[in-house]
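Every read-out reported here was derived from the displayed coordinates using simple, explicitly stated rules and does not represent laboratory data. No experiment lies behind these values; they were computed from the predicted model shown. Glycine also receives a Cβ, built like all others from the backbone with ideal geometry; neighbour counts cover every protein chain displayed.
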Ligand SMILES: [Mg+2]
C-alpha cells in the first residue's frame, strides 16, 4: 500500500472534532492534539507490553506489538493530513536527515556532534530543491546552481524566481 493511500484510508476513520461555533484554527489544533496524544498513548501501550514481558516474565505478544505499531502509524497519518504533508515526503526527509547525521552508518561521535543546520536543510527539502535545479540546469545549462548545500531554501528559490523572470523578460 502506498503511504498516501494509507493516509487517505486512515483519516476516514478519524473521530469528528468540529462542533458548532468552532473555528478552523481550533479544528486544526484539536486534530493535531488528537494525533500527538494518540502517539503518546500508543507508545505507552507498547511500553506496557514490553514491561510485562521483561519484568513480569509474560510472553511477548508480537501480534499486539504489531497492532501498536499500526496504531502509531494511524496517528502519524492523521498528523500528515492535519499538516497537509505527504507521508512519503516525511519518510524521505527523515532518511535524508539521518544520512546527513550519519553519512556512512551510526557513529557515536556523529550522534554527539550533530550539524543541526545541515539536518534542518534536509528536513526543509533544500537538497530536494537543489537536486531539482540541477536537473533543470542539466537540461537547460543556463540556471546557475548552487554548488553547496549552504544556500537557504529561500535564497535558492529567490535565485530561481529571478532566473525565471529573466527568461520571461528575454522572451517579451
Ligand atoms: Mg493501541
Next item on the list: Would you order 34, 53 from fewest to most other beta-carbon atoms within 10 Å of each residue's own beta-carbon?
Entry: 53, 34
Checklist line | Hull shadow area, averaged, region 1-100 [alpha-carbon convex hull, nm²] | finding: 8.5
Notebook entry, point to check: What ranking do 126, 17, 63 get, fewest neighbouring Cβ atoms within 10 angstrom at the top?
Noted result: 63, 17, 126
